[in-house]
Amino acid sequence: MPSVLIIEDEYALAAALATVVRRLGAEPVVAASGQGGLDKATRQRFDLVLLDIGLPDMSGLKVLAEMRQLPKMPEVLIITAHGTLENALEARRLGARDYFLKPLNLAEMQASLRSLLSPTADNTPSGTPPAPPTAPIETTQAIMIGAAPGMQRAFAIVAQACANDAPVLLCGPRGSGKTLAAQVIHRNSARSTRELTAFRPDEWPADEQEKALQEALSRAAGGSLLIEEVAALPLPLQGVLMRAQSTAGGPNQARLLATSSANLAEEIAAGRFREDLFYQLGVLQLTLPPLHERVEDLPALAAYLLGRAAPGRELVLSPEALACVKAHGWPGNVRELATAMQHAAAICSSTVILPRHLPEAVSSSIATESGGHLDVALSRALNVWLDQRLTGPETDWPDYDALLAHVEKQMLETLLSRFEDKPTRLAAALNMNRATLRRKLRDLLARE
């Protein structure tokens, strides 16, 4: 019977994972700390390890690094509540097979476990941990920071793309960081010693595009070719690209990375984009979320961009200015935020950025005369939500308890995500009785 070591300090999640493991015919062994897991892995050989990064005594990545010293390193699946690009890349570098984000999709986790525990699967540990890349990992992705769920999913896919040579299609609105993500993938791939060649169709006159594309393919041989806004490629050039990739091969074939802010499914339906090229480019697909879906990332992202706009100066956003930043819709995404921070750095002569130092479109995002900037933003969001719920005849409206339960559920889910889905830590931070919090979570889930 195969054995699985579960290193997870949250009892409920560890118990759920143990149930999944038993269902698959394997024996689960649970450890609630990093050192406890290492001790068990030293005494007993495991076929598979489920490893949480946020352990009470040490980082799960340190545990993973220690496991590389075992005579036979088991397969390792990483679990984390707060994925970062550094963690995802480091986990891959240290030999982790996959990377799962909390809250876990147990059906997806079970499918992965089944494939790894299957006696017919080609996953027998070799006994030799994977060698680290010849060059140290250079993420250079400080702008790719974030705790938003969409960004954490993106980080996991970036790490997968760094670990192989498949084509990657990077989608998302303009200014969301697609080109930067492509640069990170290239710099952390096996082709990092070769050139990353960029080609943007709309930068060339129509009669020069084919020649420019052929030259870009030639320069990118053995390295990576980044085609920015690939939907702008005319249909004939899409055919040229298809043929070039179909006939090329071996170590001199360029790896394709492509970005698109257009909806390629709509472009295909309209006959403007080749479906076969879409499948060729999209072996791995990564979607970067718009900035308005990453409100929790704005403080760190704005601070970084402010520092980059004024190196050597210690500039900080005042609470009022930060409230304006959070309330703005950022239609230009990260690119617009970078410009706003450059504007603020150029206008501000002191060390504290005030609302008046921000571009007018940003500083006017909330009414400064209102009492409490964050309350204004919350009130607006709440009004929109209530308008959606309280439609139709009054007899069909949900009752007050149902409305309140939905709001409380959303608040608790957000708070839990900040404490790595660990109710014990959340209860301690909010000075709340643990039993009360667990009862609330159980009752709210029962309402679904």
From the options Arg313, Arg272, residue that is among the basic types (Lys, Arg), over 20 Å from the mean Cα position of the chain (by Cα) and in the same structural domain as Ile185 (by TED's automatic domain parsing): Arg272
Test for Ala65: is it aliphatic (A, V, I, L, M), over 19 Å from the mean Cα position of the chain (by Cα), within 25 Å of Ile145 (Cβ to Cβ) and not in a strand (DSSP E or B): yes
Hits in segment 385-427 - residues which are more than 30 Å from Pro56 (Cα to Cα), surrounded by 10 or more Cβ atoms within 10 Å (Cβ to Cβ) and at pLDDT below 80: Trp385, Leu386, Arg389, Leu390
Some residue of segment 150-168 being in a strand (DSSP E or B) and out of contact with any Pro (no Cβ under 7 Å at 6 or more places or on another chain): yes
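Can you tell me which residue among Arg68, Arg97, Arg43 is of a type in the set (Lys, Arg) and touching a residue at least 60 places away in the same chain (Cβ under 8 Å)?
Matching residue, one of Arg68, Arg97, Arg43: Arg68.
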Selected residue [farther than 14 Å from Leu226 by Cα, assigned by TED's automatic domain parsing to the domain that holds Asn263 and either more than 13 Å from the chain's Cα centre (by Cα) or surrounded by 24 or more Cβ atoms within 10 Å (Cβ to Cβ) (or both)] from Ala166, Ala159, Ala181: Ala159
Test result for Ala26, over 16 Å from Phe100 (Cα atoms), surrounded by 19 or more Cβ atoms within 10 Å (Cβ to Cβ) and touching a residue at least 60 places away in the same chain (Cβ under 8 Å): yes
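The values are calculated or read from the model by the stated rules, or taken from the named source; none is laboratory data. Keep in mind it's a predicted model, so treat the numbers as computed, not measured. Neighbour counts are summed over all protein chains in view; Cβ atoms, including those assigned to glycine, are modelled from backbone coordinates with ideal geometry.
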